[in-house]
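The values are calculated or read from the model by the stated rules, or taken from the named source; none is laboratory data. Computed from a prediction, not measured in an experiment: that's the story for all the values here. As a convention, Cβ positions derive from the backbone with ideal geometry for all residues, glycine included, and neighbour counts pool all protein chains shown.
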Amino acid sequence: MNKKDLGELKQARIFNNITEEQIESLMDCVQGTIRNFSKGSTVFSAGDQIDSIGVVMEGQLEVESLDYWGNTAIINLINPGEIFGEAYASADAEPLPNDVIALSDCRVLFMNMQHILTQCQRACSFHNQLIQNLFTIATRRNRYMNRKISHMSKRTTREKLLSYLSDIAQQKGSNSFQIPFDRQQLADYLSVERSAMSAELSRMAKDGLIKYHKNQFELLDQ
């Protein structure tokens, strides 16, 4: 593993408080391997049985579900430094329910989950740190999914949009912010129809609730 790879991995939350030298040492313990994916390629498919988690080093991934009629819903976007697959990478886990797709050219580190959770004979302190980091990330991911459920539980498209935009504003600590989605991605994330959502955004702007341009939004005082 070269210096550039180690520098990228050091930025990932799962390696918080672990040095580059310790990361390199961990790769043997966790069977770490790096793979490249081209834009549009499938990293994991729904129905796969997996035994490894992924860490995005470069690029962006999308976790999406596809229903019987071919409708797509975005579950999550995964950016550099973030992990995926942790909930299903064990021997007794269910098959993956969703596809993981590369939105751009990507580099991903894969680590065997069983080897992460089982300490090697050296019982390294930084291996313990890796496990603690994984637990912290899983807790944060659970909070993220709870927020999404809260947005989607709203009855109308306007209520879903206001719930989501208000949540982002609170996270950013500002009434002016960028969201990580384009229009289609936002519609898929909130499980609403794109044209209806776009029309509702226009009405919300006309009603003095928001200003927006592309993915830049500003919440206005009523």
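The table that follows gives values for the structure above.
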| quantity | calculated |
| --- | --- |
| Residue tally, condition of a type outside the set (A, V, I, L, M, F, W, C) and closer than 18 Å to SER38 by Cα, over region 83-108 | 4 |
| Within region 55-172, helices (runs of 4 or more DSSP H) holding 2 or more residues that are loosely packed, with under 15 Cβ neighbours inside 10 Å and aromatic (Phe, Trp, Tyr) | 125-152 |
| Failed item, numbered, when ASN76 is tested on (1) within 16 Å of the chain's Cα centre (by Cα); (2) farther than 18 Å from ALA138 by Cα; (3) at pLDDT below 95; (4) not hydroxyl-bearing (Ser, Thr, Tyr) | (2) |
| Filter result for ILE101 (touching a helix residue (DSSP H, G or I) at 6+ places or on another chain (Cβ under 7 Å), in the same structural domain as GLY47 (by TED's automatic domain parsing) and aliphatic (A, V, I, L, M)) | no |
| Test: GLN119 is in contact with a Cys (Cβ under 9 Å, 6 or more places away or on another chain) and either within 27 Å of GLU86 (Cβ to Cβ) or assigned by TED's automatic domain parsing to the domain that holds ILE75 (or both) | yes |
| Residue count, region 195-214 (criterion: in contact with an Asp or Glu (Cβ under 8 Å, 6 or more places away or on another chain) and in a helix (DSSP H, G or I)) | 0 |
| Single condition ARG183 does not satisfy, out of (1) within 23 Å of MET145 (Cα to Cα); (2) more than 24 Å from the chain's Cα centre (by Cα); (3) of a type in the set (Lys, Arg) | (2) |
| Among the residues listed as SER65, SER52, SER41, SER104, the single one being out of contact with any strand residue (DSSP E or B) (no Cβ under 8 Å at 6 or more places or on another chain) and of a type in the set (Gly, Ala, Ser) | SER104 |
| Matching residues in region 4-15 - criterion: being in contact (Cβ under 8 Å) with a residue 12 or more places away in the chain and over 13 Å from VAL55 (Cα atoms) | GLY7 |
| Odd one out for GLY40, checked against (1) modelled with pLDDT under 95; (2) surrounded by fewer than 18 Cβ atoms within 10 Å (Cβ to Cβ) | (1) |
